[in-house]
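Structure first, then comments.
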Amino acid sequence: MGILKEFKEFAIKGNMVDMAVGIIIGTAFNSVVNTLVKEVVMPPLSLMTDGIEFANRKWVLREGVAEAEGTQLVEEVAIGYGALIEAFLDFIIIGFTIFLVIKFMNRFRKKAQDPEDKREVTPKDIELLSKMNQLMEEQNQLLKNNYPNKK
């Protein structure tokens, strides 16, 4: 019964919903990045390398042998390094995009957490901590003025 209760708390707190939304957005973003790499980045790169398509690049370790009718007797064994190059470009683009999104979000978070910036609404907990900090500094200053010899 304890596991069901924990799962219910997990699902109700929103963690599961946040995770599901993240996975769905990540999946959709993956298809956007795949299209970006295959349709936007790779064609100019292929053009710059005299029409070489990276997805088809490979090192053949053993040639395939075919019969006269077209059936394969021995399949080709090859290392497809072109697919690795495309996957690496996917990774770089995704990583850079996530970096930019997080940087953009952190900029807004810093503005929202600055209690002196009146353009943004400061969360109540940050506002309360800021006021507590000011009161403690005032109290320390009063103590220093009243007891100058003590540290």
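No lab work stands behind these numbers, since they all come straight from the coordinates. Everything numeric here is computed off the predicted structure, so don't read it as measured data. Please note: Cβ atoms are built from the backbone with ideal geometry, for glycine as well, and neighbour counts cover all protein chains shown.
Overview of results
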| item | result |
| --- | --- |
| Degrees separating the helix 15-35 axis from the principal Cα axis of the chain, which is the longest one | 40 |
| P(r) weight above 27 Å for the chain, C-alpha pairs, percent | 64 |
| Tally of Lys pairs whose C-alpha atoms are under 18 Å apart, taken over the chain, 8 or more apart or cross-chain | 9 |
| Estimated distance in nm for a label pair at ASN146 and SER46, the labels positioned 7 Å out from Cα along Cα-to-Cβ | 8.0 |
| Bins of 5 Å from zero: percent of alpha-carbon pairs in the range 3-55 | 5, 18, 14, 11, 10, 9, 8, 7, 7, 6, 4, 2, 0 |
| GluC sites (Glu not before Pro) within the range 1-73, DSSP loop, no more than 14 other Cβ atoms inside 10 Å | GLU53, GLU63, GLU67, GLU69 |
| Local electrostatic count, ASN56, Cβ distance below 15 Å [Lys/Arg +1, Asp/Glu -1] | -1 |
